[in-house]
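Novice: Here it is, the structure, as structure tokens.
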Amino acid sequence: FVIKMGNYVQDNFTFKNKNYFDYSHSNLKSDFLDIFIPSISFFNICADSGISAIPEYFRKPIVYVNKCYIHLIHKWCLEGLFIYKKFYSKKLNRYLTFKEIIKLDFGSYHNIDFFDKNFIILEENTPEEILFSVKELVFRLDHKWIESDLELKLKNDFWNSFGYQQLKSKNFNIAADYISNNRNLI
């Protein structure tokens, strides 16, 4: 069962399914339910927003999508996955690598002016990237995920981008399909 949450939802699609509820546009919304729903969920899907603090606090697994702040990884998340927006440099005519993004100083808030001045376009995750990340987390939570040697190598290469002192949870990592399809960013 999927429950769509949020206060400021940009798109209001009309998806009809008995296993889907659009709480974000419901007259049932309340402060209590805003906390209760993520606290009892099997897992959550969140972007770079404050709502992720609730499942984090209740130690619920999370798939973080459209993450922008590569240097602010939620290392305290016990189980989950993350995927990043891609940073396309119009100056270089290519995507920036993770190491290049880490070196950018754009603050811990979304600063559109910074990206415009530096000719960088942020690309949202595709629906397929999000879907594969969610499926991976479900397999992991059901103990059915088998990590290949290549996936392990790519993930280690990703973490090494931060330096050897980077703290991480063994159960919280970049999604396998995402890093495999974007290995040129390592």
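Novice: Amide H neighbours of Asn44 under 5 Å, counting only residues 5+ apart in sequence or on other chains, H built in-plane at 1.01 Å?
Specialist: Amide H neighbours of Asn44: Ile62, Val63.
Novice: Still on this model: With the radius of gyration and the Kirkwood radius both derived from the Cα set of the range 91-149, what is their ratio Rg to Rh?
Specialist: With Rh from the inverse mean 1/r over Cα pairs, Rg/Rh is 1.13.
Novice: Right, next: In Å, the Kirkwood hydrodynamic radius of the chain over pairs of distinct alpha carbons?
Specialist: 17.8 Å
Novice: Given the C-alpha centroids of the range 43-65 and the range 92-107, what is the distance between them in whole angstrom?
Specialist: 25 Å
Novice: Additional query: With springs connecting C-alpha atoms under 10 Å apart, model the chain as a Gaussian network and identify which of Asn17, Asn44, Asn171 has the largest mean-square fluctuation.
Specialist: Comparing Asn17, Asn44, Asn171 in a Gaussian network model of the chain, the most mobile one is Asn17.
Novice: Now for a separate question. With n ≥ 4 as the cut-off for DSSP H runs, can you work out [θ] at 222 nm for the chain, using -39500 (n - 2.57) per run divided by the number of residues, rounded to the nearest 500?
Specialist: Computed mean residue ellipticity for the chain: -9000 deg cm²/dmol.
Novice: To continue, here is another question. Among the lysines, which fall within straight-line cross-link reach of Lys153, defined as a Cα-Cα distance under 26 Å, with same-chain neighbours fewer than 8 residues apart omitted?
Specialist: Qualifying lysines at Cα under 26 Å: Lys67, Lys75, Lys85, Lys86, Lys99, Lys103, Lys135, Lys144, Lys168, Lys170.
Novice: Rounded to a whole number, what % of the accessible area of the chain do carbon and sulfur atoms account for, probe 1.4 Å?
Specialist: Here carbon and sulfur together make up 56 percent of the probe-accessible area.
Novice: Turning to a different aspect of this structure: Please compute the per residue accessible area over the chain with all protein chains in place, 1.4 Å probe, rounded to a whole number of Å².
Specialist: Heavy-atom accessible area per residue stands at 62 Å².
Novice: Using only the Cα atoms of the range 7-108, what semi-axes does the equivalent ellipsoid have when each is the square root of 5 times a gyration tensor eigenvalue? Give whole Å, largest first.
Specialist: 30, 18, 12
Novice: Could I ask something else about it? At a threshold of 8 angstrom on Cα-Cα distance, excluding pairs fewer than six apart, so keeping six or more, what relative contact order does the range 22-142 reach in percent?
Specialist: Over the range 22-142, the number comes to 20 percent.
The values are calculated or read from the model by the stated rules, or taken from the named source; none is laboratory data. Computed from a prediction, not measured in an experiment: that's the story for all the values here. The accessibility values were calculated without ligands, DNA or RNA, using every heavy atom of the protein model including side chains. Shrake-Rupley method; radii C 1.70, N 1.55, O 1.52, S 1.80 Å.
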